[in-house]
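*Asks:* Provided herewith is a single structure, encoded as structure tokens, for subsequent inquiry.
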Amino acid sequence: MRKILASLVVMMIFSCGDKSVIKNEESVLWQPYNDSVEIVANAEHEKARMRYKLIQSKVLDKNEVFRPLYHEVSKMTPEEYESLKPLILEQNIFSIRKSIEDNRLGYEQLVLFYLYRIYKYELDNNTTLNTVIALNEDVVESARKLDEQKREGRLPGIRHPIFGMPILLKDNIDIKGMKTTAGSIALMENEVDDSFIVKRLKENGALILGKVNLSEWAYYLCSGCPVGYSAVGGQTLNPYGRKVFETGGSSSGSGTAVAANYAVAAVGTETSGSILSPSSQNSVVGLKPTIGLLSRSGIVPISSTLDTPGPMTKNVVDNGILLSAMLGYDTLDTKSVDEDFPGILSAGLNPEPFSEMRLGAISSLMENDSIYKNTVEALRAEGAEIIEFTPPDVEMSGFLSLLNIDMRKDLPVYLKRYSNPEKVKITSIKDAVAFNKEDSLVRIPYGQALFEGIIKDTTTNEGLEEIKTRLENSGRAFFDSAMNEHKLHAVLSINNYHAGYAAVAKYPALAVPMGYKPSGEPISLTFIGKPFTEAQLLRMGRAYEIKFPVRQIPNGYE
């Protein structure tokens, strides 16, 4: 019965192109369903690692999210959608721009294509990834105006490649006109202005399509809970194995949305592994930049020491473009760097010759992971110089306290600076803990052990500074022992295996799809470099991507 209902809903959405039929503002586009049977089945599934307590959000009505743009999306017929696939699906930004310049594609068509896919899959309970949790109600009209300007010859003469490209944002990044919740019910009315990176995206002409789900509070709320879950958005699911494979966290919605081609690209954030992990789990390209390269102003924080936004894309070309579109010096961010970093925008067009690469391969990974070993040997065969090494044991204690004390200080600063106190009643972690306890079944079904740990942490300011210094030295020693001795351009890792070391070292890391395990679960090769070597990492990643094009669109989302 549920499948029949879902089919009827999809047919209702896409069978009619006449918006005049959409007059009832209470139109039912989506029906919640009893997901308890699926949860039990998942718990018994031999491949399943995650033990879900629920799939759907208890507070988000998808009708409220999707109804406002329904009249626009319903204009696109299935025939038009299919005709646009070769021009858009899995294409990079330069290819899409060429189609627009050649008048084979319009900005409005581009936006509607992605919205069509979102409505098609997210309103069907058999395919939903619980990924898109808010849409920009003005995005179609904005795209339509760009088409008008193009016809009239009024577009800017010099345009950043991101111009007119639909982008999704992780829901801890502020944007005017949409709430920023960080996945928490406590922030559901958090009305904000544009964050610095969103201002830069808009200045460069990007179209913000909407917001995507995340692990609540950037996966710093509960201990041992499923990645990709938030009280606002529910459980994000992996398109390569719904309810079987982890989504990665905390930028789960960014990774799954890009994997399913819901937008040209998405922006994620990372403290330690939160871009690398979901990028790897969803077979997309994710870059965690050097701390200070991108502004953190207007982003719900965990740690002002380690936090950074970063681009998540289907290919390396787009990754450099999106990163470039967010660059800029921000006086409100004390870590922001006032320097130019040439080569990032064009990195995808200038792949690094393999013969010029000096790469470090970690011995234990060579011994224990056949996909990694085969990939490293393939790079060696292409001419890259590979140095196998064993990183030194380094002291990493105090990492949790660094996050605890930073968040205890940084969250109140964010709330005071960016939130409306009439809309958001919490002002601290202590307030949030108390708020969640008022309705624990809905607000914290997996508990809030990490939040409670923040309150209990007794680390002093002096102790915190000692921890920060020691961890940074440890993280750099972990990589530099080999990088300095052998003059390496990067160390090769898997997924987010060494994200913690890169985080405390403040080193950039680029995850690029490496293949799929026998189960079908994605796996990525991760390039980790010295500070502000993003352009070189992207050039190496592009060379690898061209020679070994392994990414496949997930089955069922073609």
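The values are calculated or read from the model by the stated rules, or taken from the named source; none is laboratory data. Quantities reported herein were computed from a predicted structural model and do not represent experimental measurements. FYI the Cβ positions are ideal-geometry reconstructions off the backbone, even for glycines, and counts take in every protein chain you see. Protein only, heavy atoms only, side chains kept; ligands, DNA and RNA dropped before computing areas. Shrake-Rupley method; radii C 1.70, N 1.55, O 1.52, S 1.80 Å.
*Asks:* Rank these by accessible area, largest first, 1.4 Å probe: His498, His489. The partial results should precede the final answer.
*Replies:* Numbers: His498 25, His489 50 Å².
So the residues, ranked largest to smallest area, are His489, His498.
*Asks:* When ligands, DNA and RNA are left out and all protein chains stay put, how many square angstrom of accessible area per residue does the stretch 199-251 have with a 1.4 Å probe?
*Replies:* Numbers: 1070 Å² over 53 residues.
Here the per-residue accessible area is 20 Å².
*Asks:* Heavy atoms of the protein only, probe of 1.4 Å, neighbouring chains included. What is the accessible area of Asp340 in Å², nearest 10?
*Replies:* 140
*Asks:* State in Å² the accessible area per residue of the stretch 460-547; use a 1.4 Å probe, count heavy atoms of protein chains only, and round to the nearest integer.
*Replies:* On the way: 2930 Å² over 88 residues.
Spelled out: the 1.4 Å probe surface of the stretch 460-547, per residue, equals 33 Å².
*Asks:* Let me ask something else about it. Which FRET efficiency, nearest 0.05, do Arg51 and Thr331 yield, Cβ-Cβ r, R0 35 Å? Don't skip to the answer; put the middle values down first.
*Replies:* Working: r = 46 Å, r/R0 = 1.30.
Computed FRET efficiency for Arg51 and Thr331: 0.15.
*Asks:* Let me ask you something else. By the gyration tensor of its Cα atoms, with a ≥ b ≥ c the square roots of the eigenvalues, what is the shape of the stretch 315-404: rounded for a/c under 1.5, prolate for a/b over b/c, or oblate?
*Replies:* Numbers: a/c = 2.66, a/b = 1.21, b/c = 2.19.
Note, shape of the stretch 315-404 comes out oblate.
*Asks:* Continuing with this model, one more query. Considering only Cα-Cα distances, which of the following residue pairs are longer than 24 Å: Lys58/Lys120; Lys62/Lys243; Lys425/Lys468? All intermediate terms of the calculation are to be shown ahead of the outcome.
*Replies:* Numbers: Lys58/Lys120 22 Å; Lys62/Lys243 20 Å; Lys425/Lys468 31 Å.
Exceeds cut-off: Lys425/Lys468.
*Asks:* Computing the accessible area with a 1.4 Å probe over protein heavy atoms, can you report the carbon and sulfur percentage for the stretch 312-396? Spell out each step's value before the answer.
*Replies:* On the way: 1820 of 3880 Å².
The nonpolar share, carbon plus sulfur, comes to 47 percent.
*Asks:* To the nearest 10 square angstrom, how much accessible area does Ile39 have with a 1.4 angstrom probe?
*Replies:* 20
*Asks:* Right, here's the next one. Using the charge dipole of the chain (Lys, Arg: +1 at Cβ; Asp, Glu: -1 at Cβ; taken about the Cα centre), state which of Tyr557, Cys225, Gly348 has its Cα farthest towards the positive end.
*Replies:* Toward the positive end, the furthest listed residue is Tyr557.
*Asks:* Lys/Arg Cβ at +1, Asp/Glu Cβ at -1, dipole of the stretch 29-138 taken about the Cα centre: which of Ile55, Ile133, Leu105 is farthest positive-ward?
*Replies:* Highest projection toward the positive end goes to Ile55.
*Asks:* Just to confirm a number: summing +1 for Lys and Arg and -1 for Asp and Glu over residues other than Asn261 whose beta-carbon lies under 15 angstrom from that of Asn261, what do you get? It would help to have the intermediate numbers written out before the result.
*Replies:* Values: positive: Lys85, Arg117, Lys120, Lys314, Arg551; negative: Glu82, Glu90, Glu122, Asp318, Glu558.
That works out to 0.
*Asks:* List the GluC sites (Glu not before Pro) in the stretch 97-184 that DSSP assigns to loop (not H, G, I, E or B) and whose Cβ has at most 10 other Cβ atoms within 10 Å. Which are they? Before the final figure, lay out each step's value.
*Replies:* Numbers: sites: Glu101, Glu108, Glu122, Glu137, Glu141, Glu148, Glu152; in loops: Glu137, Glu152.
Qualifying residues, ordered by number: Glu152.
*Asks:* If you place +1 on the Cβ of every Lys and Arg, -1 on the Cβ of every Asp and Glu, and leave all else neutral, what size is the dipole of the stretch 476-536 about its Cα centre, to the nearest 20 Debye?
*Replies:* Working: 5 positive and 4 negative charges, 16 e Å.
The calculation lands at about 80 debye.
*Asks:* With +1 assigned to the C-beta of every Lys and Arg and -1 to the C-beta of every Asp and Glu, and no other charges, what is the dipole magnitude of the stretch 381-478 about the Cα centre in debye, to the nearest 20? The partial results should precede the final answer.
*Replies:* Values: 13 positive and 17 negative charges, 163 e Å.
My answer is approximately 780 debye.
*Asks:* How much solvent-accessible surface does Leu169 expose, in Å² to the nearest 10, with a 1.4 Å probe and all protein chains in place?
*Replies:* Accessible area of Leu169: about 0 Å².
*Asks:* Near Lys373, which aspartates and glutamates are there with a Cα under 19 Å away, not counting those fewer than 8 places off in the same chain?
*Replies:* Reachable aspartates and glutamates: Glu382, Glu385, Glu388, Glu521, Glu545.
*Asks:* So, counting K/R as plus one and D/E as minus one, what does the shell of residues with Cβ under 12 Å around Arg144 add up to? Show your work: numbers first, answer last.
*Replies:* Details: positive: Lys75, Lys145, Lys150, Arg151; negative: Glu72, Glu108, Asp138, Glu141, Asp147, Glu148.
For residues surrounding Arg144, the net value is -2.
*Asks:* Carbon and sulfur atoms: what percent of the 1.4 Å accessible area of the stretch 445-539 do they account for? Please report the intermediate quantities before stating the final value.
*Replies:* Details: 1680 of 3320 Å².
Reported share for carbon and sulfur atoms: 51 percent.
*Asks:* Taking +1 at the Cβ of each Lys and Arg and -1 at the Cβ of each Asp and Glu, which of Pro156, Gly183, Ile197 sits farthest along the dipole of the stretch 131-237 towards its positive end, judged by Cα position relative to the Cα centre?
*Replies:* Of Pro156, Gly183, Ile197, it is Pro156.
*Asks:* Once you place label points 7 Å from the Cα toward the Cβ at Glu79 and Glu356, how far apart are they in nm?
*Replies:* 5.1
*Asks:* Which percentage, to the nearest 5, of the DSSP beta bridges contained in the chain is antiparallel?
*Replies:* On the way: 29 of 45 bridges.
Of those bridges, close to 65 percent are antiparallel.
*Asks:* Quick check: Cα centre of the stretch 435-505 to Cα centre of the stretch 341-357, how many Å?
*Replies:* One Cα centre to the other: 30 Å.
*Asks:* Which value, in debye to the nearest 20, describes the size of the charge dipole of the chain about its Cα centre when Lys and Arg Cβ atoms bear +1, Asp and Glu Cβ atoms bear -1, and nothing else is charged? Kindly include the intermediate steps, with their values, before the conclusion.
*Replies:* On the way: 61 positive and 70 negative charges, 113 e Å.
Computed about the Cα centre, the dipole is about 540 debye.
*Asks:* Okay, moving on. Can you tell me the Rg and the Dmax, both Å, for the Cα atoms in the stretch 108-178?
*Replies:* Cα radius of gyration and Dmax of the stretch 108-178 are 14.5, 45 Å respectively.
*Asks:* Evaluate the distance, in nm, between pseudo-label points positioned 7 Å from the Cα of Asn103 and of Phe435 along their respective Cα→Cβ axes.
*Replies:* Going from the Asn103 label point to the Phe435 one covers 5.3 nm.
*Asks:* Please say if the stretch 273-347 is rounded, prolate or oblate, where rounded means a/c under 1.5 for a ≥ b ≥ c the square roots of the C-alpha gyration tensor eigenvalues, and otherwise the choice is prolate for a/b larger than b/c and oblate otherwise? Mind dumping the intermediate values first?
*Replies:* Working: a/c = 2.56, a/b = 1.23, b/c = 2.09.
Oblate.
*Asks:* Asn461 versus Ser519, label points 7 Å from Cα toward the beta carbon: distance in nm?
*Replies:* It is 4.7 nm.
*Asks:* What ranking do 189-195, 230-236 get when scored by the average of other Cβ atoms within 10 Å per residue, highest first?
*Replies:* Numbers: 189-195: 19.1, 230-236: 27.6.
So the order, starting with the most tightly packed, is 230-236, 189-195.
*Asks:* Gap in Å between the Cα centre of the stretch 276-334 and the Cα centre of the stretch 74-117?
*Replies:* 26
*Asks:* Roughly speaking, to the nearest percent, how much of the stretch 163-262's 1.4 Å accessible area is carbon and sulfur? Display every interim value, and only then the final one.
*Replies:* Numbers: 860 of 1870 Å².
C and S fraction of accessible area: 46 percent.
*Asks:* Where both residues lie in the stretch 132-255, what percent of DSSP beta bridges are antiparallel, nearest 5? Kindly include the intermediate steps, with their values, before the conclusion.
*Replies:* Working: 6 of 11 bridges.
Bridges in the stretch 132-255 that DSSP calls antiparallel: roughly 55 percent.
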